[in-house]
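**Q** Below you will find the structure I want to go over with you.
Here, each number is a calculation from the coordinates, and none is a lab measurement. No experiment lies behind these values; they were computed from the predicted model shown. A quick note on method: Cβ atoms are made from the backbone with ideal geometry, for glycine too, and the neighbour counts reach across all protein chains shown.
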Amino acid sequence: MDEERNVMTANLEDRAREIRKSIIRMLMEAGSGHPGGSLSAADIFSVLYFHEMNISPDQLEDPNRDRFVLSKGHAAPVLYATLAEKGFFPKEELATLRKINSKLQGHPDMRKVPGVEISTGSLGQGLSAANGMALAGKIDQAPYRVYGMIGDGECEEGQIWEAAMFAAHYKLDNLTVFLDHNGLQIDGRITDVMSPEPLDEKWRAFGWEVQVIDGHSIPRIIAALDYARSFQGKPSMIIANTIKGKGVSFMEDQCDWHGVAPKPEEAERALAELDQGRAK
Amino acid sequence: MTTKIATREAYGKALVKLGAQNKQIIVLDADLSKSTKTAEFAKAYPDRFFNVGIAEQNLMGTAAGLATTGKIPFVSTFAMFATGRAYEQVRNTIAYPKLNVKIAATHAGLTVGEDGASHQSVEDIALMRVIPNMTVIVPADGVEAEGAILAAAEYDGPVYIRLGRLGVPVINDADYQFQWGKGVVFREGTDVTLIGTGVMMSFCLEAAQLLEEAGISAQVVNIHTIKPIDRELILACAKKTGALVTAEEHSVIGGLGSAVADVLSEAYPVPMKKVGIQDTFGESGKPLDLLNKYGLSTSKIVEAAREVLNRK
């Protein structure tokens, strides 16, 4: 059993590494975009798309598929890299990120990219859409679950708390949301710019079941998702403590890498580091 | 004695009809269900009605999420909040992905009355009209409101329907068929065309009568779908009568008048005049007193018609 679990963990870590490498490559090609908050989320994406969610490129229209909403839409590279890794479109297309006539817009467009469930990008809006999907599931007594990811800086948006109230009020226990708690936003540390802390107490007070985990530990992410599926009557918030830029030494915990793409030589260093397994 | 029905009343009744016909219809409201009349649907189909509380941004986003699953959400609040407070949610989460959400906003315009300028949306048509993928409909009476609501449910895509608080005269017959994007000629005329929308339609009809008594033949057209606008009919009117007046309970900036001017200026310029709110906020007062004070009246339409005739 343990060995099986170790193999599974190692596989998911490999996927996360491939996702990170795709992120670096596509951003380098694009010359702009958001590496920091994409890299911080890669381990969660690996678990969601390769372990947890009932989705597949062959069943794009399956009404009972699980849904994922990237509310922090500027982390589009991690979503695109994961979808390509999962086979929703060829990996070669990742090189077209942010270029004219590409389906890979700077922020996710549901009408262009297979596997993107709703267009996002303007912060604060995705959680409401996830609520709508989860509510539809409740109305229809459908078996699917809805997953989402919001940012910690994004919690400064008022709409997040409107949506927080709604999900708890309507007991959306088919909704599990990750909060990518990497501690940085464009202008600095979230605690310096406009602290939304203590986030765990806030989400609990808003009626959510809250877990706080290491967002780079594959086993912890898996365990948190298992728990989220185990109870009824409340939406689930998984506050994932992460490192912005995780996996690339010179990007880690650096605010400056929120929205700047690596130059070719920087990308080369980053890819070499990832290949060495420095980033798990 | 003409029957008067508020378009919001007709909306409430149409929703109940729709609810019976189509299980995919879901109604969302933001703590104004008694005023927007969605309370009637809530009573008939409590399991398909959801109050989001006083949270209009989440109202729009939740509707967008519902629409991705095949539901047909109708969302209601006052026009001020639907198009102002939640503007960017409507733009980015509903219209950009062209989701099938129907925004039925009530209490539009000055006829909100006593609540005053903070609640009198006089710019909502402009705000919605400028968003790609959005359809904008302003029913003139209860009959047309019902037709528009039923048609909106059939249409796949975002729709903004502007409804009013005030009872307005019923000008359409009971068997009236609402036609998406098609203007309605109420009265044929040869000297000038009066193009109205919403509550201004009955004033346009009165104005045409007064003009006739003065020997001026006015054509009267109802443009209920402001976007996409009935370009063909507007150009035909311009060619036939050579002068136009538009009338709307909305700012003269960006509404019906601007939409008509867009058509004419590029294809067939003729003298025209916009009757509407002159780039100002409203105030508290009785609805009809407000319409008079802000120049939304039969006499102002007559005056405007005489002015464009002089410029012919």
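**Q** Sort A:M8, A:M53, A:M251 so the one with the fewest other Cβ atoms within 10 Å of its own Cβ comes first.
**A** A:M8, A:M53, A:M251
**Q** Mind giving me the nanometre distance, one decimal, between the label points for A:K103 and A:A272, set 7 Å out from Cα along Cα→Cβ?
**A** 3.5 nm
**Q** Which of B:V185, B:V159, B:V275 ends up with the largest GNM mean-square fluctuation for chain B, with Cα atoms connected below 10 Å?
**A** B:V185
**Q** Treating only the Cβ of Lys, Arg, Asp and Glu as charged (+1, +1, -1, -1), what charge dipole size does chain B show about its Cα centre? Round to the nearest 20 debye.
**A** The dipole of chain B has a size of about 440 debye.
**Q** Considering only C-alpha atoms, what is the centroid distance from the range B:47-62 to the range A:42-95, in Å?
**A** 28 Å
**Q** What residue among A:P57, A:P235, A:P262 has the largest mean-square fluctuation in a Gaussian network model of chain A, using Cα springs under 10 Å?
**A** Top of the fluctuation ranking is A:P57.
**Q** Give me A:K21, B:K274, A:K99 sorted ascending by neighbouring Cβ count inside 10 Å, so fewest comes first.
**A** A:K99, A:K21, B:K274
**Q** Moving on to the next point. Which aspartates and glutamates have a Cα less than 17 Å from the Cα of B:K43, not counting those fewer than 8 places away in the same chain?
**A** Cα-Cα hits under 17 Å: B:E9, B:D29, B:D31.
**Q** Another question, if that's okay. Find out how many positive minus negative residues lie around B:L211, taking Lys and Arg as positive, Asp and Glu as negative, among other residues whose Cβ is under 15 Å from that of B:L211.
**A** Result for the neighbourhood of B:L211: -2.
**Q** Any idea which of B:T69, B:N22, B:V275 is furthest toward the positive side of the dipole for the protein assembly as shown, if Lys and Arg beta-carbons carry +1 and Asp and Glu beta-carbons -1?
**A** The listed residue farthest towards the positive side: B:V275.
**Q** Also: Can you list the aspartates and glutamates whose alpha carbon is less than 16 Å from that of A:K138, not counting same-chain residues fewer than 8 positions off?
**A** Filter leaves A:D66, A:D173, B:D47.
**Q** OK, next. List the residues, sorted by chain then number, that are 5 or more residues from B:I26 or on another chain and whose placed amide H is less than 5 Å from its amide H.
**A** Here the answer is B:I72, B:F74, since their amide H atoms fall under 5 Å of that of B:I26.
**Q** Positive end of the dipole of the range A:147-269, charges at C-beta (+1 Lys, Arg; -1 Asp, Glu), about the Cα centre: which of A:M251, A:F178, A:G158 has its Cα farthest in that direction?
**A** A:F178
**Q** Let me ask something else about it. Charges on Cβ only, +1 for Lys and Arg, -1 for Asp and Glu, centred on the Cα centroid of the range B:88-133; of B:I125, B:G113, B:P97, which one is farthest towards the dipole's positive end?
**A** It is B:P97.
**Q** Also, quick follow-up: Are there GluC sites (Glu not before Pro) in the range B:149-224 that DSSP marks as loop and that have at most 16 other Cβ atoms within 10 Å, and which are they?
**A** Answer in residue order: B:E188.
**Q** Then there's this: Could you work out which residue, out of B:I277, B:I125, B:I216, moves most in a Gaussian network model of chain B, that is, has the largest mean-square fluctuation with Cα springs under 10 Å?
**A** B:I216
**Q** Can you run phi through the Karplus equation (6.51, -1.76, 1.60; θ = phi - 60°) for the range B:24-41 and list ³J(HN,Hα) in whole Hz, with x for Gly and Pro?
**A** Per-residue couplings from phi come out as 7, 6, 10, 10, 10, 9, 10, 6, 10, 5, 6, 7, 7, 6, 6, 4, 5, 5 Hz.
**Q** If we count every other residue with Cβ under 11 angstrom of B:M128's Cβ, Lys/Arg +1 and Asp/Glu -1, where does the sum land?
**A** +2
**Q** When the dipole is taken about the Cα centre of the protein assembly as shown, and only Lys, Arg (+1) and Asp, Glu (-1) are charged at their Cβ, what size is it in debye, to the nearest 20?
**A** 980 debye
**Q** Taking amide hydrogens as modeled 1.01 Å from N in the peptide plane, which residues meet the under 5 Å criterion relative to B:V275, leaving out close sequence neighbours?
**A** Amide H to amide H, under 5 Å and 5 or more residues apart or across chains, B:V275 pairs with B:T246, B:A247, B:E248.
**Q** Continuing with this model, one more query. What is the gain in length, in nm to one decimal, between B:W180 and B:K312 on full extension, counting 0.36 nm per residue of separation less the C-alpha to C-alpha distance?
**A** Between B:W180 and B:K312, full extension yields 44.3 nm more.
**Q** Just the Cα atoms of the range A:99-206, one point each, no solvent: what log10 I(q)/I(0) does Debye give at q = 0.22 Å⁻¹?
**A** Calculated log10 I(q)/I(0) at the listed q: -1.22.
**Q** Same structure again: Work out the length of the dipole vector of chain A about its Cα centre, built from +1 on the beta-carbon of each Lys and Arg and -1 on the beta-carbon of each Asp and Glu, and round it to the nearest 20 debye.
**A** Result for chain A is approximately 460 debye, rounded to the nearest 20.
**Q** Please give the length that would be gained between A:F250 and A:D2 if that part of the chain were fully extended, namely 0.36 nm times their separation in residues minus their C-alpha to C-alpha distance (nm, one decimal).
**A** Here the answer is 85.8 nm.
**Q** Say the cut-off is 23 Å between C-alpha atoms; which of B:K37/B:K293; B:K13/B:K293; A:K103/B:K23; B:K13/B:K102; B:K227/B:K273; A:K86/A:K246 go over it?
**A** B:K37/B:K293; B:K13/B:K293; A:K103/B:K23
**Q** Taking the number of other C-beta atoms within 10 Å as the exposure measure, put A:F231, A:F178, A:F88, A:F68 in order starting with the fewest.
**A** Fewest-to-most Cβ neighbours within 10 Å comes out as A:F231, A:F88, A:F68, A:F178.
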